[in-house]
Amino acid sequence: MHVDAKNILAVDTSSRLLSVAIRAKEGSVFEVNLEGTPRHSEQLIDLIEEGLKRLKLEKRELDQFLWALGPGSFTGLRIGLAVLKGFHLGLKKESRGASSLDLIALGTGLVQGRLAVCVDARRQHIYAAVYDFKNGSIHKVLKDSLLSFNELLRKVGRVTFFTGDALPTYGDILRKRLGKKALFLKPAFWYPRALFLIQLLDS
C-alpha cells in the first residue's frame, strides 16, 4: 500500500448514467454505473452505502470526495452536489472536482487522434470539448464550451472521433457535413464514469 493511499469516493451525476466509484486504501475498487431514466435522488445514497459495505468501510473512513462538475443535467448536478456538501460538512474531508467532459474523454481509451466530446445541451446547443491524443497522452485543445452546431464544426477541422449523448441528435448531420472525417464511438463511451475521476485527480 502506498504511503499516501486514501479511501476515495467519486461520483458523477451529470448525465443519464449515474456513476459511483470507491477505491479503498489497499487498492480494492467498487464501481457501479446505472443507465436509464435518471433517479439520482433515490439511488445515489443507496449506491454509496452499498459500495462502502462491499469494501468494509465506514463513511468516517473516507479521506477524499471527488465530484464531477458537469456540464450536463442541471437537476442531476444539483442532487449530486447537495450530497457532496453533506459529506463535506459532516465529515470535514478534502473535496475536489473536475469536468465531466474530461471523464468521457479519458474513458474512451483513445491513444491517437482528435476527439470531440459532445453533450446535448438542448435548445440547439452542445456542450463540447476537444482533445488531441498522441502516444497515449492527452491534450485539451478546446475547453468546455457551449456551442451551436456550426460553431462546433468550425472548432473541429480534421478527422475527428466523436462521442457523447449529442450524437443521436446531431450524428446524421455531422456525417453529412464532414463525411469520412467524422468517426463515431459506440454508446458505451458516451457517458462519464466516476472511476476516471480517481484516475484524473488522485495523482
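The values are calculated or read from the model by the stated rules, or taken from the named source; none is laboratory data. Computed from a predicted structure; not experimentally measured. In this analysis, Cβ positions are derived from the backbone assuming ideal geometry, glycine residues included, and neighbour counts consider all displayed protein chains. Ligands, DNA and RNA are excluded from the accessible area calculation, which covers all protein heavy atoms including side chains. Shrake-Rupley method; radii C 1.70, N 1.55, O 1.52, S 1.80 Å.
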Selection within region 71-118 - more than 15 Å from the chain's Cα centre (by Cα), among the polar types (S, T, N, Q) and closer than 21 Å to Glu31 by Cα: Ser95
The lone exception for Ser14 - which of (1) assigned to a loop (DSSP other than H, G, I, E, B); (2) open to solvent by 20 Å² or more (accessible area, probe 1.4 Å); (3) among the small types (Gly, Ala, Ser) it fails: (2)
One residue from Ala166, Ala116 being within 24 Å of Gly76 (Cα to Cα), touching a Lys or Arg at 6+ places or on another chain (Cβ under 8 Å), in contact (Cβ under 8 Å) with a residue 12 or more places away in the chain and among the small types (Gly, Ala, Ser): Ala116
Scan of region 30-54 for residues that are in contact (Cβ under 8 Å) with a residue 24 or more places away in the chain and surrounded by 15 or more Cβ atoms within 10 Å (Cβ to Cβ), ordered by number: Phe30, Glu31, Asn33, Pro38, His40, Ser41, Gln43, Leu44, Leu47, Ile48, Gly51, Leu52
Given (1) in contact with a strand residue (DSSP E or B) (Cβ under 6 Å, 6 or more places away or on another chain); (2) open to solvent by 20 Å² or more (accessible area, probe 1.4 Å); (3) outside any strand (DSSP E or B), number of the condition Leu101 does not satisfy: (2)
Identity of the residue in region 176-202, in a loop (DSSP other than H, G, I, E, B) and open to solvent by less than 60 Å² (accessible area, probe 1.4 Å), that ends up modelled with the lowest pLDDT: Asp202
Residue within region 137-158 that is of a type in the set (Lys, Arg), buried (at least 18 other Cβ atoms within 10 Å of the Cβ) and not in a loop (DSSP other than H, G, I, E, B) present: no
Near pairs, Cβ below 7 angstrom, 6+ apart or cross-chain, from region 77-95 (among the charged types (D, E, K, R)) to any residue that is assigned to a strand (DSSP E or B): Lys93/Gln64; Lys93/Phe65; Glu94/Gln64
Residues being closer than 30 Å to Val117 by Cα and of a type outside the set (Phe, Trp, Tyr) - total across region 47-67: 5
Flag for Val83 being in contact with a helix residue (DSSP H, G or I) (Cβ under 7 Å, 6 or more places away or on another chain) and not in a helix (DSSP H, G or I): no
Only listed residue being crowded, with 17+ Cβ neighbours inside 10 Å and part of a loop (DSSP other than H, G, I, E, B), chosen from Leu66, Leu57: Leu57
Of the criteria (1) outside any helix (DSSP H, G or I); (2) of a type in the set (Ser, Thr, Tyr); (3) surrounded by fewer than 18 Cβ atoms within 10 Å (Cβ to Cβ), which one Thr169 fails: (1)
Selected residue (criterion: surrounded by the fewest Cβ atoms within 10 Å (Cβ to Cβ)) from residues of region 104-123 that are out of contact with any Phe, Trp or Tyr (no Cβ under 7 Å at 6 or more places or on another chain) and in a loop (DSSP other than H, G, I, E, B): Arg123
